[in-house]
1. Could you calculate the FRET efficiency of residue 193 with residue 225 from 1/(1 + (r/R0)^6), where r is the beta carbon distance between them and R0 is 41 Å, rounded to 0.05?
2. Work out from phi, with θ = phi - 60° and the Karplus expression 6.51 cos²θ - 1.76 cosθ + 1.60, the ³J(HN,Hα) of each residue of the stretch 59-69, listed in order in whole Hz, and give x for Gly and Pro.
3. Net charge near residue 151, counting Lys/Arg +1 and Asp/Glu -1 over other residues with Cβ under 12 Å of its Cβ?
4. Which of the peptides 6-18, 96-108 is most tightly packed, and how do the rest follow, judged by the mean count of other Cβ atoms within 10 Å per residue?
5. For every other residue with a beta carbon closer than 15 angstrom to the beta carbon of residue 58, add +1 if it is Lys or Arg and -1 if Asp or Glu, then tell me the sum.
6. Between residue 166 and residue 204, what's the calculated FRET efficiency when r is the beta-carbon distance and R0 is 45 Å? Round to 0.05.
7. According to the Kirkwood expression over distinct Cα-Cα pairs, how big is the hydrodynamic radius of the stretch 1-119, in Å?
8. For the stretch 9-163, what is the accessible area per residue in Å² when the probe is 1.4 Å?
Amino acid sequence: MSTWIVFALLLVILFILAVLSIFIVPQQKAFIIERLGKFNRYCSAGLHFRIPVIENIASRIDLRTSQTEFSIDAKTKDNVTVTMEIAAQYRVSTTQGGSQQESGIWRSYYMLQNPVGQMRSYLIDALRSAVPQYTLDEVFDRKDAIAQDVNDQVSGLMVEYGYDVVSTLITSIGLPPDVERSMNSINSAQREKVAAQSLADAERIKVVTEAKAQAEAMEEAGRGIAAQRRAIADGIADSLSVIQESGISAAEANQLFVFTQWTDMMSEFAKSGKQSTVVLSSDFNATTSMFDQMLIAQKAVEKNEPNA
């Protein structure tokens, strides 16, 4: 009976040892195996075996890209202190090297106790050295270039510890309240200046356009007046020719023409609607008398025009 018990115990122990000797490494993981406290090997994804008790899994390394976020204060070239939010993506290097002791997985576990903290220190130091080389406006304009330069610098340092710095991003740049108010005031003043300039340009264009239109209208009016005067002159010449052909002398024709103009003027004066009284001489024997009467009528018209 005792023999069966011992045999059963042996089977149980062997089963437990067999179970302990088998392990599976998930995808995007690497297990570091130590034998009696010393690095022996690391295992990638798949089914693996180890010697129970003698070999143990020292660490499970995640090979996926991770991210760490932090903020720093830095001073620009024009002495403005800015608060920058930083996001850094990193991962364990999968470079093999000449042996497993030279691989990125080995260095990531055995060379640094706090690799993420060390990476942050490198990034903060690099950013605080880079930002003072630029003015505030340049920091905003070139933040991606600054982040890339810092990433290249820190990546070259962290690769020695088994880490690849994939990218470094400046996600936000904060300003002191007084500086932010000043910048908003400056931007507002610039926008008002642009708006005022636009309004002035629009007004100038309007004035120039109106002046051009007025000049063109006056030019056309002048042409019309000139044409009208030519037509009147042609009509007078034709009228005088007809009158002279009827046997009237030139002096009489001139007097008739002047009289006709005088009567036309008086008719137009009467139609104007202005309530004015003009006393004219009834003697129309002399040309000078007719001209005097015409001048009197014209002065009366001009005198009443401002009251229209």
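1. Values: r = 47 Å, r/R0 = 1.15.
My answer for the efficiency is 0.30.
2. Result, ordered by residue: 7, 10, 8, 8, 8, 6, 6, 10, 9, 10, 10 Hz.
3. Working: positive: none; negative: 144, 149, 152, 164.
Here the count lands on -4.
4. Details: 6-18: 10.3, 96-108: 15.8.
Result, highest mean Cβ count within 10 Å first: 96-108, 6-18.
5. On the way: positive: 29, 35, 38, 41, 50, 60, 107; negative: 34, 55, 62.
Net charge around residue 58: +4.
6. Numbers: r = 56 Å, r/R0 = 1.25.
It comes out at approximately 0.20.
7. Details: mean 1/r = 0.0556 Å⁻¹.
It is 18.0 Å.
8. Details: 8810 Å² over 155 residues.
Accessible area per residue: 57 Å².
The values are calculated or read from the model by the stated rules, or taken from the named source; none is laboratory data. Keep in mind it's a predicted model, so treat the numbers as computed, not measured. Cβ sites come from the backbone with ideal geometry, for glycine too, and all protein chains shown count toward neighbours. Note: areas computed on protein heavy atoms with side chains; ligands, DNA, RNA excluded. Shrake-Rupley method; radii C 1.70, N 1.55, O 1.52, S 1.80 Å.
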